[in-house]
Amino acid sequence: QVQLVESGGGLVQAGDSLRLSCAASGRTFSYYVMGWFRQAPGKEREFVASISRSGTNTNYAGSVKGRFTISRDNFKNSVYLQMNSLKPEDTAVYYCAADSNRIASSSSRAEHWGQGTQVTVSS
């Protein structure tokens, strides 16, 4: 079992940057594939990015590729999402997720979820 706590959300203007953090506790962090998802009002939760256990492999949704960067620090039990060139359509609650197997870009399933952090981008 792992517990996830996100932080770093806020209100920014279009073109600004934000860095989200997710701190994990419980079972060994490096055991999990990690990911970020988001859910905008009235929409389904969607995949944003994922990172392998070692951090070697990453995957991004097409809408954020080139603007967002996922990273992890297994010594600090944390995963991050650096978001640059933010757009109003990036406004959503962002969720950190962990899975002992895999996180697929085509699915919104994961074994463990954080409580979410709000990101609002004004135009």
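In table form, for the structure just shown:
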{"read-out": "Distance from the range 1-46 to the range 69-123 (C-alpha centre basis), Å", "value": "3 Å"}
{"read-out": "Using a Förster distance of 30 Å, the FRET efficiency for Leu11-Ser107 (Cβ separation, nearest 0.05)", "value": "0.50"}
{"read-out": "Taking the range 1-107 and dividing mean pair separation by its residue count, relative contact order in percent (alpha carbons under 8 Å, at least six apart)", "value": "35 percent"}
{"read-out": "Whole-percent carbon and sulfur share, accessible surface of the chain, 1.4 Å", "value": "44 percent"}
{"read-out": "Residues of the range 37-52 with amide N under 20 Å of a point placed 7 Å along Cα→Cβ from Ser100", "value": "51-52"}
{"read-out": "DSSP bridge orientation in the chain - percent antiparallel, rounded to nearest 5", "value": "90 percent"}
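The values are calculated or read from the model by the stated rules, or taken from the named source; none is laboratory data. If you're wondering where the values come from, they're calculated on a predicted model, not measured in any experiment. Note that we place each Cβ from the backbone using ideal geometry, even for glycine, and neighbour counts take in every protein chain shown. Ligands, DNA and RNA are excluded from the accessible area calculation, which covers all protein heavy atoms including side chains. Shrake-Rupley method; radii C 1.70, N 1.55, O 1.52, S 1.80 Å.
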